[in-house]
Amino acid sequence: MPGTNDRPRQPHPWSSSAEFRAIANAALRRFNSERHLHPICGATAKSTGEPCRQMPAKGRTRCKLHGGATPRGDGPAGWHTPGFPAGLPTGKPRSDAYKAWKRREKRARLAAMTPEKLARHEDWHRTHKAGDAAQRAHARRNRDARRWLDTIMNEPPLSPTPAQIELNELRAKLHAHIARLDAEGAADADEEPPTTPGLFD
């Protein structure tokens, strides 16, 4: 059964009157005479490859066929921006409502803990610094490396082996020999060199 919307619309008597047609034609002639004074879209038309001659949408530089009707900006009318009854949330990327929900969830979780679990939870938070997990892991590695280095530096010196004792004795003899050679060279430099008689002496 056809619906009521399938019936043809009856034209309004005013729209079919001669006076209405005269007013509409005068408005169209006035618009066409002033159209060259208005800006144009200018986008390349796919059908002809020429600049589009349509008028831009209100407040835009393109017509409604070339992106002028695309919503922009923030708020409910924004492009790919969710609309909220109370306006756009201030906290991004997580809204204030989400943060408040997380706080309520945390309070409910703490209230459901037994005294033993609550004590362990508080002990853990006292011993663990708040922040990023990666930063805590980095600080933990630094502490382990510092502890390992302190252990190495505080180790007692090992007893020298016979080969090390022999090497130390040879090193001492070599240093003594070098010192004796340096002393002999300094003594020779202090002595006055002998004078050679000249040609006219």
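Starting from region 59-77, take each residue that is part of a loop (DSSP other than H, G, I, E, B) and among the acidic types (Asp, Glu) and list its partners that are at pLDDT 85 or above and open to solvent by 50 Å² or more (accessible area, probe 1.4 Å), counting only C-beta distances under 6 angstrom and pairs at least six apart or across chains.
Every condition considered, no pair remains.
Out of region 25-58, which residues are open to solvent by less than 60 Å² (accessible area, probe 1.4 Å) and within 26 Å of ALA69 (Cα to Cα)?
ALA27, CYS41, GLY42, ALA43, ALA45, GLY49, CYS52, PRO56, ALA57
Answer yes if at least one residue in region 73-87 is at pLDDT 85 or above and either among the charged types (D, E, K, R) or on the phi > 0 side of the Ramachandran plot (or both), and no otherwise.
no
Residues checked against (1) over 30 Å from HIS125 (Cα atoms); (2) open to solvent by 100 Å² or more (accessible area, probe 1.4 Å):
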| residue | (1), (2) |
| --- | --- |
| ALA137 | no, no |
| ARG143 | no, yes |
| MET153 | yes, yes |
| SER159 | yes, no |
| HIS175 | yes, yes |
| ILE178 | yes, no |
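Identify all residues within region 122-152 that are farther than 24 Å from ARG107 by Cβ and of a type in the set (Val, Ile, Thr); write none if there are none.
Hits for region 122-152 are THR151, ILE152.
What number goes with the only condition from (1) modelled with pLDDT under 85; (2) assigned to a helix (DSSP H, G or I); (3) of a type outside the set (Ser, Thr, Tyr) that GLU155 does not pass?
Unmet condition: (2).
LEU170 is checked against (1) of a type in the set (A, V, I, L, M); (2) open to solvent by 80 Å² or more (accessible area, probe 1.4 Å); (3) in a loop (DSSP other than H, G, I, E, B) and fails just one. What number does that condition carry?
(3)
Residue under question is ARG94, and the condition is that it be open to solvent by less than 80 Å² (accessible area, probe 1.4 Å), at pLDDT below 85 and within 50 Å of the chain's Cα centre (by Cα); does it hold?
So ARG94 fails the test.
The values are calculated or read from the model by the stated rules, or taken from the named source; none is laboratory data. Owing to the predicted nature of the structure, the values given are computational and were not obtained by experimental measurement. Here Cβ is always computed from backbone atoms with ideal geometry, including for glycine, and neighbour counts include all displayed protein chains. The accessibility values were calculated without ligands, DNA or RNA, using every heavy atom of the protein model including side chains. Shrake-Rupley method; radii C 1.70, N 1.55, O 1.52, S 1.80 Å.
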